[in-house]
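The values are calculated or read from the model by the stated rules, or taken from the named source; none is laboratory data. Bear in mind the structure is a predicted one, so any value in this text is a computation, not a measurement. Cβ: placed from backbone, ideal geometry, glycine included. Neighbour counts: every protein chain shown. Just so you know, the surface numbers come from the protein's heavy atoms only, side chains and all, with ligands and any DNA or RNA stripped out. Shrake-Rupley method; radii C 1.70, N 1.55, O 1.52, S 1.80 Å.
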Amino acid sequence: THGLHGRGNTSRSVLLMGGWELWEGQRDGRNGGTGQGGDGLWPDTHSLPPSSLGQPPVELIRHREARWLEMTSHWEKAMARRYKKVKVLCRKGIPSSMRARCWPLLCGGQASMDRNHGKYKELEQSPGDPQWLETIEKDIHRQFPFHEMFLSPEGHGQRGLMQLLKAYTVYRPREGYCQAQGPVAAVLLMHMPAEQAFWCLVQISERYLPGYYSPEMEAVLLDGEVFVALLRRVCPKAYKHLQKHSVGPLLYVTEWFLCLYSRTLPFPTVLRIWDAFLSEGVKVLFRVGLVLVRLALGSSENLRDCTGVVETLEKLRSIPARLLQEDTFMAEVHNVAVSDRDVERECRTQLAKLRKVRPDFGYRPEQRLPNAKAIFDAQQLEDAQQPGKGRHPAPAFLIPEIVVDPPPPLPKEQRRLERERLKEQRWQEQERRRQEEAAEKQARKKKPPGRKKPDTRGKTFHVAQRPMLSLAQEGGEGEEPGPAKRNSAPYLETYF
């Protein structure tokens, strides 16, 4: 990693795994056609039919755009109460027309720009360090050389990228310029104005990946060890192969993580990775890397030809394009069983090991925030602690107020609404029956109680039969017999 972050004439340094040198050999089309607006690393997708590219229907795109418009119109409420929903929508992919609006909100770049109104203009007008300017100037033409935005040295793409990277060296003079920031800044510039792209780059460098672009690059070293530990659990076969041939993580992970896969994968897949990364944080980078290693080295058939370091790295670079299609690939990425807690635990474990070997290892992983929700909460806390620091409204052209008619609901959505309506009717009918039964039961309870029976519990009583006496015995001889009793049968007397 030494040549990635240096001054002077080292601008043409080879990124580990040879990613930077690939640009010199891409112009002859060895790794796929360049395509109109392509950059040489990715196949030409302009001549392919939409069905083969896996593009969703227009109605579905319109539906997703409307949902994102509604959510970004109430962004603070969405992040505070419905972050899980935001994460699910990011996994499905942000519509291309909405990335300029959503990426700055997700990463916190929009809030930083609002709090530092006019700061970018000051940085842009600053002269900057001549040594950094010379290094940046030498690297500008290597950033997506076949993309129409960066074709001309005097075009707005290369000039804007130059000003953005120079502004960062003025904003963070200790870190200066790292070559891996070039592709990241270029992808941001493809989607948004320079000021927004600058603050998004600041958020990525300081919130998502602190220490990645510093001169020491200690964070990359630590995350390389964390990646190996996770690989050992997720794909033991690939782990054993890499250990057997002494293929260290810095030989392939460095380019992946520093450039956020923008120099490695097809561009549609890169955009989907960025959607998830800005929402869920650095764990997405680990998941993507684990899937790439599993696709390249996860089977015995793939390992037959890998007899050394060179063959292994070549296998990692030559994964079939059909396996990297964005929908299929991202489904595998999200199924990898690696959580934020797993990454944090491995960071602590590997950091303790590194500090035993290198006592001066100064990187602190707690500086890194895990996801967009944590960044949003941190910015809300900063605003609460600094009430005097007013927030200036952003210029209208940066986040335009877009009003569109909501698209008609899809047939699937109509069926779902009908099922919910029928379910609600059934529930109301059941509730009405329950209330009627409860009322009947209550009415039965209110009937007047019957005659109370004598309480004979615990008492002893005797039953005797009293014989009927004759008329002569009952009365005197001179008495007239009384009227005959109605019942002449014997009766019982009870004595308590």
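Some observations on this one:
- Out of 315, 353, one residue alone is of a type in the set (Lys, Arg), in a helix (DSSP H, G or I) and within 27 Å of residue 271 (Cα to Cα). It is 315.
- Residues that are surrounded by 13 or more Cβ atoms within 10 Å (Cβ to Cβ) and assigned to a helix (DSSP H, G or I), drawn from region 335-347: 340, 342, 343, 344, 345, 346, 347
- Those residues of region 326-346 which are among the acidic types (Asp, Glu) and either free of Cβ contacts under 8 Å to residues at least 40 places away in the same chain or closer than 19 Å to residue 209 by Cβ (or both), in sequence order: 340, 342, 344, 346
One line per residue, one yes/no per condition, for (1) in contact with a Phe, Trp or Tyr (Cβ under 6 Å, 6 or more places away or on another chain); (2) within 14 Å of residue 287 (Cα to Cα); (3) at pLDDT 95 or above:
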| position | (1), (2), (3) |
| --- | --- |
| 218 | yes, no, no |
| 226 | no, yes, yes |
| 229 | no, yes, yes |
| 232 | yes, yes, yes |
| 259 | no, no, yes |
| 263 | no, no, no |
| 272 | no, yes, yes |
| 276 | no, yes, yes |
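- Only a single criterion out of (1) surrounded by fewer than 16 Cβ atoms within 10 Å (Cβ to Cβ); (2) modelled with pLDDT under 95; (3) in a helix (DSSP H, G or I) is not satisfied by residue 61, namely (1).
- Unmet criterion (only one of (1) in a helix (DSSP H, G or I); (2) modelled with pLDDT under 95; (3) of a type outside the set (D, E, K, R); (4) within 20 Å of residue 143 (Cβ to Cβ)) for residue 80: (4)
- Elements of type helices (runs of 4 or more DSSP H) contained in region 201-302, each with 2 or more residues being open to solvent by 10 Å² or more (accessible area, probe 1.4 Å) and free of Cβ contacts under 8 Å to residues at least 40 places away in the same chain: 218-234, 236-244
- Residue under evaluation residue 187, criteria (1) hydrophobic (A, V, I, L, M, F, W, C); (2) more than 21 Å from residue 106 (Cβ to Cβ); (3) in contact (Cβ under 8 Å) with a residue 40 or more places away in the chain; (4) open to solvent by less than 10 Å² (accessible area, probe 1.4 Å), criterion not met: (2)
- Hits in region 137-180 (condition: out of contact with any Gly (no Cβ under 6 Å at 6 or more places or on another chain), of a type in the set (Phe, Trp, Tyr) and not in a helix (DSSP H, G or I)): 144, 177
- Residue check for residue 87: modelled with pLDDT of 95 or more and out of contact with any Phe, Trp or Tyr (no Cβ under 6 Å at 6 or more places or on another chain): yes
- Matching residues in region 76-89 - criterion: being crowded, with 18+ Cβ neighbours inside 10 Å, over 17 Å from residue 327 (Cβ atoms) and in contact (Cβ under 8 Å) with a residue 24 or more places away in the chain: 79, 86
- Qualifying residue in region 136-150 (condition: in contact (Cβ under 8 Å) with a residue 24 or more places away in the chain, open to solvent by less than 30 Å² (accessible area, probe 1.4 Å) and of a type in the set (A, V, I, L, M)): yes
- Near pairs, Cβ below 8 angstrom, 6+ apart or cross-chain, from region 353-374 (over 15 Å from residue 282 (Cβ atoms)) to any residue that is in a loop (DSSP other than H, G, I, E, B): 354/361; 355/361; 362/216
- Set side by side, the residues 68, 103, 75, 132 differ, and just one is aromatic (Phe, Trp, Tyr) and closer than 20 Å to residue 175 by Cα, which is 132.
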